[in-house]
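Peer 1: If you scroll down you'll find the structure; I have some questions about it.
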Amino acid sequence: MTVAVSALRRVTGYACSLLMATLLLGTAPASAGTALSDAQVQQRARAVTQVVLGILSYARWPAEPDPLRLCLVGPTEYADDLIKGNVQSSGRALQVRRLLASDPSVASACDAIYIGKLDPLHRERLFQAVSGHPVLSISEADDPCTVGSLFCLRVSDQQVSFEVNLDSVARSGVRIHPSVLQLSRRRAGQP
């Protein structure tokens, strides 16, 4: 599928390298068959935060939001550090808050949504609510990345990676820098 991406502000090689390094470093492996320690969960949360902030930094909205409004929807496992951070590496302010999936203001109150575990009905209603609005969506839970979300995180013991739903990106109204799309393809091809 070909996705038209209009010219974006020049992205520095450093920022792209930082996002790639974050994806490659990921988290420390956990012992097989044991629950994750608090330190491992916190390390994963930090890695997820870095990846999410990296994705957001490579996105452009029709009208640049200031501050960028990120809404957390549904129960999340790795969003604690997102709530703490208020500024992106670019210096743009980041306003983070939790909303219910059924909140009627989600499309107007959020520039990006970070989606935790939702049942299929709530997911469908959430995506119907943001349809036609420039809202970037990132799914944390085991999402097949075939319907709705633009980005689907893959959190494992070794790394945090993501998949991109090009169809959703094309319909979202949010432009994503081609480097991020290519990075997703490269990571998906690796074992």
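The values are calculated or read from the model by the stated rules, or taken from the named source; none is laboratory data. The structure displayed is predicted, hence computed values, not measured ones. Using ideal geometry, Cβ is built from the backbone for each residue, glycine included, and neighbour counts are taken over all protein chains shown.
Peer 1: Filter segment 37-69 for residues that are surrounded by fewer than 22 Cβ atoms within 10 Å (Cβ to Cβ), in contact with a Ser or Thr (Cβ under 6 Å, 6 or more places away or on another chain) and of a type outside the set (Gly, Ala, Ser); which is nearest to Ser172 (Cα to Cα)?
Peer 2: Among them, the one singled out is Gln50.
Peer 1: Sticking with this one: Is segment 54-71 home to any residue that is part of a strand (DSSP E or B) and without any contact (Cβ under 8 Å) to a residue 24 or more places away in the chain?
Peer 2: So the first thing to find is which residues in segment 54-71 are part of a strand (DSSP E or B), and the list is 59-60, 68-71.
Filter once more, keeping what is without any contact (Cβ under 8 Å) to a residue 24 or more places away in the chain: none.
So far as segment 54-71 goes, no, none of its residues is part of a strand (DSSP E or B) and without any contact (Cβ under 8 Å) to a residue 24 or more places away in the chain.
Peer 1: Hey, does segment 133-153 have a residue that's part of a helix (DSSP H, G or I) and at pLDDT 90 or above? It would help to see each step written out before you state the result.
Peer 2: Filtering segment 133-153 for residues part of a helix (DSSP H, G or I) gives none.
Scanning segment 133-153 turns up no residue that is part of a helix (DSSP H, G or I) and at pLDDT 90 or above.
Peer 1: For segment 157-185, name all the residues that are free of Cβ contacts under 8 Å to residues at least 40 places away in the same chain and either assigned to a strand (DSSP E or B) or surrounded by 15 or more Cβ atoms within 10 Å (Cβ to Cβ) (or both).
Peer 2: Glu163, Val164, Asn165, Ser168, Ser172, Ser184
Peer 1: Which of (1) surrounded by fewer than 20 Cβ atoms within 10 Å (Cβ to Cβ); (2) in a helix (DSSP H, G or I) is the odd one out, the single condition Ala129 does not satisfy?
Peer 2: It fails just one condition, (1).
Peer 1: Something else: So the check is Cβ under 6 Å with 6+ separation or different chains; which pairs have a first residue in segment 129-152 that's among the β-branched types (Val, Ile, Thr) and a second one that's surrounded by fewer than 22 Cβ atoms within 10 Å (Cβ to Cβ)?
Peer 2: Qualifying pairs under 6 Å: Val130/Ala107.
Peer 1: While we're on this one: Within the set of pairs 6+ apart or on separate chains, which have a first residue in segment 99-126 that is farther than 14 Å from Ser139 by Cβ, a second that is part of a helix (DSSP H, G or I) and basic (Lys, Arg), and C-beta atoms under 8 Å apart?
Peer 2: Ser102/Arg125
Peer 1: Which of the residues spanning segment 64-104 are out of contact with any helix residue (DSSP H, G or I) (no Cβ under 9 Å at 6 or more places or on another chain) and not hydrophobic (A, V, I, L, M, F, W, C)?
Peer 2: Pass one, segment 64-104, residues out of contact with any helix residue (DSSP H, G or I) (no Cβ under 9 Å at 6 or more places or on another chain): 64-67, 75, 83, 86-87, 91, 93, 95.
Glu64, Pro65, Asp66, Pro67, Pro75, Asn86, Gly91, Gln95 - these are the residues of segment 64-104 that are out of contact with any helix residue (DSSP H, G or I) (no Cβ under 9 Å at 6 or more places or on another chain) and not hydrophobic (A, V, I, L, M, F, W, C).
Peer 1: Here's another thing I want to ask about it. Considering only segment 88-107, how many residues are surrounded by 12 or more Cβ atoms within 10 Å (Cβ to Cβ) and either at pLDDT 95 or above or of a type outside the set (S, T, N, Q) (or both)?
Peer 2: Total satisfying the criteria: 11.
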